[in-house]
Amino acid sequence: MENRKHENSPVIYTDIPFSADLDAILNLFADGDDDLREEITAFISEAEKPVRPKAILRRVEITHTEDGKVCAIAGIPCNDSIVLNKNLAETDFAVAYIVTCGNEIDSFNCEDDPLKVYWLDALKLQALGAARQFIAKEISNLLGTSSFAHINPGSLPQWPISEQSSLFRYIGGVTEAIGVKLSESHLMIPLKSGSGIAYPSNTKFENCMVCTKLTCPNRRAPYDPHLAEKYNSAGCGNNA
């Protein structure tokens, strides 16, 4: 596993441990159908072989204006954003990160079978989850604290999906390191990828807490109407 921890340089993880949770996939798609369970088991046993979750992190400096607004991250000027200003007001550093299920699994083509597409998608989500879980300790090490929160570009209008390109710049060398790239609409490819900024905080914060899209399948925290009022939230962009 590649692991570089030089000050302010990206830390890269290219071989994060992963093992499919077969029971979770079976319960999702084949509860009570023995024949289908057997088919899914055989499929997952092969499909998980090329899966390589990856991550890239970088400890970045936060620069503020005299009135406390965030004006630059990693030395790169950023747009005025209530999400950045409220959450990064009390810190001079944070960790920018990108995690992914990895693009190796794309070699396992099953687009001719709609059911297998769903199974493969569930496997990719598990791989992304493994990457998220793995980097939690690494983020803690880089921040020097186990108490931290996250903000994610594209999850709220006040920090739109177009800021993905800025996040890529804050980290640097993302595509070369872990194979994640941006589409013209600023979506990450592979699609089962996630990004964000983690920062020291004794108060838990997730974009989901101020997002009014209550039926979002990727929701990670309950909606908080009082907190949402502070952010003047109008919805989210559903960033993984």
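Odds and ends about this structure:
- Taking amide hydrogens as placed 1.01 Å from N in the peptide plane, the amide H of residue 159 sits under 5 Å from those of 154, each at least 5 positions away in sequence or on another chain.
- Principal axis dimensions, largest first and in whole angstrom, of region 110-208 by Cα: 48, 28, 27
- Estimated D of region 59-124 in µm² per second, where Rh is the Kirkwood radius over Cα pairs and Stokes-Einstein applies at 10 °C, 1.306 mPa s: 106
- Shown here for region 30-88: GluC sites (Glu not before Pro) in loop regions (DSSP other than H, G, I, E, B) with at most 16 other Cβ atoms within 10 Å, namely 66.
- Based on alpha-carbon atoms, the Kirkwood radius and the radius of gyration of region 1-151 give Rg/Rh equal to 1.12.
- Amide H within-cut-off set for residue 181, under 5 Å, with H built and near neighbours excluded: 189
- Which listed pairs, of 54/181; 49/116; 49/137; 116/181; 86/181, have C-alpha distances above 21 Å, in listed order: 49/137; 116/181; 86/181
- Surface accessible to a 1.4 Å probe, residue 169 within the full protein complex, Å²: 140
- With contacts taken as Cα pairs under 8 Å and at least 6 residues apart, region 52-113 reaches a relative contact order of 44 percent.
- Largest to smallest accessible area among 192, 86, 137 [probe 1.4 Å]: 137, 86, 192
- Value of relative contact order over region 1-113, rounded to a whole percent, pairs C-alpha under 8 Å and six or more apart: 27
The values are calculated or read from the model by the stated rules, or taken from the named source; none is laboratory data. All of these numbers come straight from a predicted model, not from anything done at the bench. Here the Cβ is made from the backbone with ideal geometry for all residues, glycine too, and neighbour counts use every protein chain on show. Surface accessibility is based on the protein's heavy atoms, side chains included, excluding ligands, DNA and RNA. Shrake-Rupley method; radii C 1.70, N 1.55, O 1.52, S 1.80 Å.
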